[in-house]
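Contents: one structure, followed by commentary.
Throughout, read-outs are computed from the coordinates displayed, never taken from laboratory work. Treat the numbers as computed from the prediction; the structure is a model and nothing was measured. Cβ: placed from backbone, ideal geometry, glycine included. Neighbour counts: every protein chain shown.
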Amino acid sequence: MYRTTLVPTGEGDAALDAVDDAIDVTAAEGTVHVLGVVEELPMYDRSGRPEKFDDDDPERRERLEAAVDRVATAVAEAGIDPETAVEAGVPAHEIAAYADDIGADAVVMGKRGLDAAADDLLGSTTERVIRNADTTVVSVPVSG
């Protein structure tokens with residue numbers, strides 16, 4: 001059993017598929033951290049210099065906070081203390097850094113079913129976290 005588990009989430013329900021697994025592997029006296037990451041990828045102008053990401057959806061953070069709250073509620077209903085946070089940046093980097101910051105014993109996250117060609121070419125956030133995190137990463141297939 002882990003004492004400190006991290007469940008990252010986006011605006012969708014992938015983390016809801018992973019939360020049961022996170023609860024199962026977290027000790028009753030442990031904590032499940034629920035992290036939402038507002039994706040802010042750098043945009044590049046013609047010179048190749050990075051420019052600030054232009055957020056054209058001001059309600060995105062609100063949707064993300066609602067998703068974090070849904071996962072935290074499921075954790076609390078299971079009798080485990082949830083901690084929540086919302087960060088901004090490149091999701092895989094923010095997840096790995098947050099896991100380090102809290103001393104996570106494990107990261108439990110949903111993995112979307114991309115088609116094989118896109119998965120091989122681009123990778124996924126889960127795969128990037130697996131490569132970059134300094135802790136155990138549990139990849140949970142997303143249903144549906």
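Estimated at 0.36 nm per residue, the fully extended path between Thr73 and Asp101 surpasses their Cα-Cα distance by 7.8 nm.
Take the Cα of Glu40, step 7 Å toward its Cβ, do the same at Glu83, and the gap between the two points is 2.2 nm. The peptide list 74-85, 96-107, 125-136, put in order of mean Cβ contacts within 10 Å with the highest first, becomes 96-107, 125-136, 74-85.
Based on the Cβ-Cβ distance from Asp20 to Asp134, what FRET efficiency comes out when R0 is 30 Å, to the nearest 0.05?
Values: r = 25 Å, r/R0 = 0.83.
Given R0 = 30 Å and the Cβ-Cβ separation, E is 0.75.
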